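A.B. asks: Below are the C-alpha cells for one structure; questions will follow.
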Amino acid sequence: MSEAARVREEMDGSVLILTIDYPSRKNAIGPGVRQALEEAIERAHEEPSVRAIVVTGAGGTFCAGGDISNMNVGSALDGRERMRRTHRLVRLMAKGSKPLVAAVEGWAAGAGMAVACACDTIVAAEDARFVAGFHKIGLMSDMGLPFFLPRRVGVGRARRILFYHEVTGAAEGERIGLVDFVAPPGKALEMALEKARFLAAEAAGPIALTKKILAEGLDEALADEQTFQGLLFTTPDFQEGRAAFLEKRKPNFGG
C-alpha cells in the first residue's frame with residue numbers, strides 16, 4: 001500500500017485507534033484503504049489486549065466516499081467479486097466481537113457514511129455532515145448501508161436520505177438516530193475515545209453476543225447487495241455517472 005493511502009494504527013490503553021489517511025482523495029475508500037482497515041480490524045479481533053476500536057479520518061474529514069477513480073469493473077462477475085471483498089470488511093465490523101466507535105469530523109459521504117453506520121456508536125462533531133449520494137454515479141448504496149441506515153433512522157427517513165441525497169448535519173442526525181453523540185468541532189475523537197474506554201471496561205461477552213443479535217439479517221442483505229450492485233456496475237448509467245464525476249459535470253442518465 002503506497003504512503004499516499006494508509007490506515008494509521010495507535011493504541012490508547014485498550015482502545016485501538018484506526019485513522020484513515022488518504023489526503024489526496026479526502027480519505028476515500030479504495031482497495032488499499034479497505035484492505036488495510038480489514039486487516040487491522042481482523043488483527044484487533046484476535047488480540048486480547050484490544051477491547052474496543054475507534055475509526056476516524058485524518059485532516060478533518062472522516063471519509064469522502066468510495067474512490068471512484070478505482071471503480072473499473074468489466075463484468076457482473078467482476079462486480080460481484082468486488083462486493084464480496086468489500087463485504088468482508090463490513091462483516092468484521094458488524095459481526096466481530098469488539099465494539100467500534102466512529103469519530104466523524106467533516107464529511108462522511110457515500111462509503112464513508114456506510115463505514116460510520118457499520119460501527120456500533122457514531123460520535124460526530126457539530127459541523128460534521130452525512131450524505132449517501134450513490135445514485136449520482138448510477139449505483140445503489142452499498143457496504144451494508146441499506147441494512148444499517150433503516151435500523152438507525154427508520155425506513156421512511158432512510159428512503160429520503162438515499163433517494164434524495166439529503167445532507168444531514170450532526171444535530172439533525174442525533175435527533176433522528178443517525179448520530180449517537182455530538183461533540184464540539186474538532187473534539188469528535190476525544191469524545192469517541194471516552195465512549196470506547198467505557199466499552200473497553202465492560203464485560204466483553206455481553207457486548208459480543210449483543211452485536212451478534214443486532215447483526216441478524218445482515219448476511220441476507222449483503223447477498224442481495226452483492227448481486228444488485230454487481231449488475232449496476234455493468235450498466236451504461238454507471239459508466240455515465242462515473243465519467244461525469246471524473247469530468248466534474250452533471251450526469252445524463254438514460255435509464
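A.B. asks: Residue by residue through segment 14-40, note down the ones that are in contact with a helix residue (DSSP H, G or I) (Cβ under 7 Å, 6 or more places away or on another chain), surrounded by fewer than 19 Cβ atoms within 10 Å (Cβ to Cβ) and at pLDDT 95 or above.
C.D. replies: Residue satisfying the conditions is 14 alone.
A.B. asks: Looking at residue 241, is it assigned to a helix (DSSP H, G or I), farther than 26 Å from residue 80 by Cα and in contact with a helix residue (DSSP H, G or I) (Cβ under 9 Å, 6 or more places away or on another chain)?
C.D. replies: No; evaluated as a whole, the condition is false for this residue.
A.B. asks: Here is a further query. Being part of a helix (DSSP H, G or I), over 25 Å from residue 74 (Cα atoms), of a type in the set (A, V, I, L, M, F, W, C) and open to solvent by 40 Å² or more (accessible area, probe 1.4 Å) is the filter here; which residues of segment 202-237 pass it?
C.D. replies: Listed by number, the residues that qualify are 204, 209, 213, 214.
A.B. asks: Also, quick follow-up: Is there any pair linking a residue in segment 117-141 that is farther than 18 Å from residue 103 by Cα to one that is open to solvent by less than 20 Å² (accessible area, probe 1.4 Å) and assigned to a strand (DSSP E or B), with Cβ under 9 Å and at least six apart or on different chains, and which?
C.D. replies: Note: pairs meeting the criteria are 133/109.
A.B. asks: Further, regarding this structure: Do we find a residue being acidic (Asp, Glu) and over 16 Å from the mean Cα position of the chain (by Cα) anywhere in segment 132-143?
C.D. replies: No, segment 132-143 has no match at all.
A.B. asks: As an exercise: evaluate residue 43 against (1) open to solvent by 10 Å² or more (accessible area, probe 1.4 Å); (2) modelled with pLDDT of 95 or more; (3) under 17 Å from the mean Cα position of the chain (by Cα) and give the number of the one condition it does not meet.
C.D. replies: Failed condition: (3).
A.B. asks: Out of all the residues in segment 73-94, which are modelled with pLDDT under 95 and in a helix (DSSP H, G or I)?
C.D. replies: Answer for segment 73-94, where residues must be modelled with pLDDT under 95 and in a helix (DSSP H, G or I): 76, 77, 78, 79, 80, 81, 82, 83, 84, 85, 86.
The values are calculated or read from the model by the stated rules, or taken from the named source; none is laboratory data. All values derive from a computational prediction rather than experimental measurement. Methodologically, a virtual Cβ is constructed for each residue, glycine included, from the backbone with ideal geometry; neighbour enumeration extends over all protein chains shown. Each accessible area value is taken on the protein alone, full model and side chains, heavy atoms only, with ligands, DNA and RNA left out. Shrake-Rupley method; radii C 1.70, N 1.55, O 1.52, S 1.80 Å.
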